[in-house]
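Before any comments, here is the structure.
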Amino acid sequence: MATAAWPGKKDRSLIGKSITRQDGPVKATGRAKYSYDLNPPGLLWAKPATSPHAHAKLVSIDTKKAEALPGVKGVWKDTDLIGEEVRYIGQIIACVAAESEEIATEAVALVEAKYEVLEHQVIDNDPKFATGRASEQEVGKVADGFAEADVTIEGDYGVPVITHCCMEPHGQVTEVRGGELYAWPSTQNVSRWADRLNDSVGIDRAKMHVDCQYMGGGFGSKFTYDKWGVIGTLLAKQTGRPVKLLLDRDLELAIAGNRPSGYTHIKLGVKNDGAITAFEGSVVGTGGGGGYRLRAFPYVFEPKNRKTTMKGIRTNRGGQRAWRAPSHPQTCLLTFSALEDAAAKIGMDAAAFYKKNLNLTARPDVYAEELDIAMKMIGYAEKAHLRTKLDAGPVKRGLGIAMHTWGGLGHGSECRVTINPDGSVKAEIGTQDLGTGARTVVSIIAAETLGLPLEAIDTRIGNNAYPASGGSGGSTTTGGISVSTRMAATDALNDLLGHAATKLGVAADKLEAKGGRIREMGNAAKSMSWADACKMLRTGSISKTGQNNRTEAQKAGLIDAGVGGVQIADVSVDTETGVVTLNEMAAVQDCGLIVNMKTCESQVFGGVIMGITSALFEEALYDPTTGRMLNADMEFYRIAGIKDVGTIKVHMMTGEEYEKRGIIGIGEPPVIAPAAAISNAVANAIGVRVPYLPLTPERVLNVLA
């Protein structure tokens with residue numbers, strides 16, 4: 001009889017191996033269809049009209065000229081917004097649907113709106129613009145901690161607003177047929193995408209069919225249907241034809257989500273032996289017009305005497321959304337910059353400084369092991385130097401360290417596994433695949449449980465008709481879908497074993513599924529093929545639905561939360577040009593039991609690359625006078641290319657002590673530390689801190705000057 005517990009290492013045939021993603025070939029050959037690729041018969045193109053002002057009162061909207069343009073089939077305008085304030089450039093006020101993209105673009109230009117322009121504010125880094133009551137927290141006695149210190153350092157550090165920059169923009173194709181909605185959105189929340197949409201479009205929730213087989217990135221910004229989901233549905237309902245509404249790149253970068261900024265002044269007290277005695281930090285920042293809170297500050301290291309103050313800035317920009325590891329990259333950069341500045345001030349090696357203070361972390365033994373591994377990977381003993389001992393010549397080389405933490409407990413999830421009389425197996429689950437290999441994870445777990453090869457599982461995902469599964473956020477997907485699939489496959493298998501028991505003359509609890517056969521445990525001679533066992537079902541099928549009850553699954557050791565990682569960057573800085581070159585990055589990470597080693601390592605590679613991009617290039621630039629985003633395109637909002645990322649080395653922490661915790665999410669953690677490590681490496685290379693990201697040549701030259 002099968003149990004839901006994960007098999008031990010010697011009993012695994014698939015879990016933990018490096019397995020190529022099943023959807024790789026269809027994506028590489030272009031056969032995978034994304035929302036933008038879908039063109040159902042009679043398709044109309046929709047284009048939104050937007051506010052040209054960062055802050056204004058909308059007086060009126062006139063769409064008559066747009067409606068009169070030949071080829072325009074539908075018009076929507078936001079009548080609720082008339083008389084109200086628009087709060088950023090790009091805020092949608094109307095939308096047209098037309099026979100072609102060109103006609104829709106022309107029609108949008110004919111929409112006339114009148115505004116009363118109001119004063120706007122887009123600066124995100126100046127405390128004088130902070131509004132509202134500050135959030136303060138003090139632990140211990142900070143004054144006593146500073147009195148105890150031998151050395152006190154103070155510094156200013158900052159991270160700008162960056163955008164999600166999804167390669168596939170936000171939006172969807174919608175069609176209303178027979179009073180039912182069919183939607184093909186780019187979403188990281190298939191099962192719940194349409195929740196509460198009925199309130200805005202007048203279609204019963206039970207009559208909404210959502211399908212997303214492939215999507216090109218979300219990073220936390222694609223959980224809900226958004227305003228464009230409402231508009232697209234209403235236009236489809238109005239015209240009786242399918243409507244494609246996906247944002248153009250400029251709108252995508254300006255209004256579809258961003259990661260808030262964080263600017264801080266930090267004061268740190270340390271003893272001459274490196275022990276941290278006190279921490280005090282005040283942070284301001286923004287993600288737009290919404291609330292502001294940076295969690296876990298100071299980050300990873302929590303001195304017994306610490307005080308933090310946080311205050312938000314309201315700006316007339318598109319609003320913030322969860323961005324891969326919300327608030328962690330910012331607080332990591334702010335904290336670890338100050339920590340390495342303190343180590344440099346007392347003339348102490350950075351790695352030795354961290355080791356001295358690991359007692360201030362939640363998992364000191366894990367961090368110590370990971371730090372030692374990362375140091376060996378990067379060649380720390382050979383390359384490390386203090387800031388006072390710089391390389392000769394104009395090109396300087398340096399190392400920087402940062403650490404991170406994350407939760408990652410699997411989300412609520414349901415999966416249905418069906419075993420058919422012909423031996424075929426189907427797994428159905430309403431999850432989505434952001435490109436992280438969810439399809440393959442479901443197939444691996446089902447195949448492992450049933451003792452079948454991977455290709456024997458027909459895995460179906462991405463549709464809200466399947467059992468509901470949580471949205472892909474917080475590094476919760478792999479844990480959630482693995483448990484629900486394991487539960488469903490285990491129940492289905494035990495039912496099949498009951499049938500096989502009568503044929504083999506062996507009690508069902510003494511049977512197991514291995515290598516495509518049902519056999520007596522410890523006696524391979526007494527067995528039957530999987531196909532023959534399934535034939536005993538005759539005309540019936542076995543269909544079981546499994547659930548991930550997070551509390552029970554965690555108690556059973558199937559999933560867990562809490563991981564740590566260490567990253568070390570090796571950079572070169574040309575002091576004549578200011579150009580920073582990343583030579584190498586070592587990333588060491590734990591995440592419990594690994595389902596697919598190849599995609600797990602790939603997640604770390606991808607996270608590191610995103611972190612490199614934020615360190616060297618990314619910043620949402622706004623003109624204070626007009627309130628317009630100046631680099632809302634893929635030319636001037638630069639992201640890293642292959643030549644920018646150097647050599648990335650990844651090491652996953654494995655072994656019984658890690659694996660017995662069960663599966664823990666890996667999506668967020670690796671993106672947290674790269675920017676902090678790179679910033680520290682640049683400071684180590686040139687002997688002075690570049691306080692604000694990104695580390696552009698201009699900023700490097702300015703501090704050198």
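The values are calculated or read from the model by the stated rules, or taken from the named source; none is laboratory data. Owing to the predicted nature of the structure, the values given are computational and were not obtained by experimental measurement. Cβ placement follows ideal geometry from the backbone for every residue including glycine, while neighbour counts extend to all protein chains displayed.
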Checklist entry - Going by the structure shown, is T152 of a type in the set (V, I, T), touching a residue at least 24 places away in the same chain (Cβ under 8 Å), surrounded by fewer than 23 Cβ atoms within 10 Å (Cβ to Cβ) and in contact with a Phe, Trp or Tyr (Cβ under 9 Å, 6 or more places away or on another chain)? => result yes
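Condition check: crowded, with 19+ Cβ neighbours inside 10 Å, of a type outside the set (G, A, S) and not assigned by TED's automatic domain parsing to the domain that holds D433. Does N548 satisfy that? Reasoning before the result, please.
On the way: crowded, with 19+ Cβ neighbours inside 10 Å: yes; of a type outside the set (G, A, S): yes; not assigned by TED's automatic domain parsing to the domain that holds D433: no.
Answer is no for this residue.
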Checklist entry - Do you know which of the residues in the range 124-149 that are at pLDDT below 95 and in a helix (DSSP H, G or I) is surrounded by the fewest Cβ atoms within 10 Å (Cβ to Cβ)? => result K128
Item to check | Failed condition for T286, given (1) over 24 Å from the mean Cα position of the chain (by Cα); (2) crowded, with 22+ Cβ neighbours inside 10 Å; (3) under 30 Å from S51 (Cβ atoms) | outcome: (1)
Checklist entry - For the range 45-58, does any single residue satisfy the condition of being within 25 Å of E175 (Cβ to Cβ) and either in a loop (DSSP other than H, G, I, E, B) or modelled with pLDDT under 95 (or both)? => result no
Checklist entry - In the range 167-188, which residue that is in contact with a helix residue (DSSP H, G or I) (Cβ under 7 Å, 6 or more places away or on another chain) and in a loop (DSSP other than H, G, I, E, B) is surrounded by the fewest Cβ atoms within 10 Å (Cβ to Cβ)? => result G179
Checklist entry - Filter the range 309-332 for residues that are over 18 Å from the mean Cα position of the chain (by Cα) and crowded, with 21+ Cβ neighbours inside 10 Å; which is farthest from H53 (Cα to Cα)? => result M310
Next on the checklist: Here is a list: R486, R416, R460. Which entry is of a type in the set (D, E, K, R), surrounded by 24 or more Cβ atoms within 10 Å (Cβ to Cβ), within 30 Å of T539 (Cβ to Cβ) and modelled with pLDDT of 95 or more?
Outcome noted: R486
Checklist entry - Which one of E455, E448 is within 25 Å of A553 (Cβ to Cβ), in the same structural domain as L497 (by TED's automatic domain parsing) and assigned to a helix (DSSP H, G or I)? => result E448
Checklist entry - Restricted to the range 580-601, and to residues that are over 24 Å from L454 (Cβ atoms) and touching a Ser or Thr at 6+ places or on another chain (Cβ under 9 Å), which residue is surrounded by the most Cβ atoms within 10 Å (Cβ to Cβ)? => result M585
Checklist entry - So, in the range 102-123, of the ones that are β-branched (V, I, T) and part of a loop (DSSP other than H, G, I, E, B), which residue ends up surrounded by the most Cβ atoms within 10 Å (Cβ to Cβ)? => result V122
Checklist outcome for this item: Checked the range 195-222 for anything farther than 19 Å from T431 by Cα, small (G, A, S) and part of a helix (DSSP H, G or I); matches are S200
Checklist entry - Do you know which residues across the range 297-320 are out of contact with any strand residue (DSSP E or B) (no Cβ under 7 Å at 6 or more places or on another chain) and closer than 30 Å to Y88 by Cα? => result T315, N316, G319
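Could you list all residues from the range 305-347 that are over 19 Å from A676 (Cβ atoms) and among the hydroxyl-bearing types (S, T, Y)?
Passing the criteria: T309, T315.
Going by the conditions given, is L371 in a helix (DSSP H, G or I), buried (at least 24 other Cβ atoms within 10 Å of the Cβ) and touching a residue at least 24 places away in the same chain (Cβ under 8 Å)?
On the way: in a helix (DSSP H, G or I): yes; buried (at least 24 other Cβ atoms within 10 Å of the Cβ): no; touching a residue at least 24 places away in the same chain (Cβ under 8 Å): yes.
Taking the combined requirement at face value, the residue does not satisfy it.
When you look at N198, is it surrounded by fewer than 18 Cβ atoms within 10 Å (Cβ to Cβ), touching a strand residue (DSSP E or B) at 6+ places or on another chain (Cβ under 8 Å) and over 30 Å from A352 (Cβ atoms), yes or no? Steps first, answer last, please.
Values: surrounded by fewer than 18 Cβ atoms within 10 Å (Cβ to Cβ): yes; touching a strand residue (DSSP E or B) at 6+ places or on another chain (Cβ under 8 Å): yes; over 30 Å from A352 (Cβ atoms): yes.
Against the criterion (surrounded by fewer than 18 Cβ atoms within 10 Å (Cβ to Cβ), touching a strand residue (DSSP E or B) at 6+ places or on another chain (Cβ under 8 Å) and over 30 Å from A352 (Cβ atoms)), N198 qualifies.
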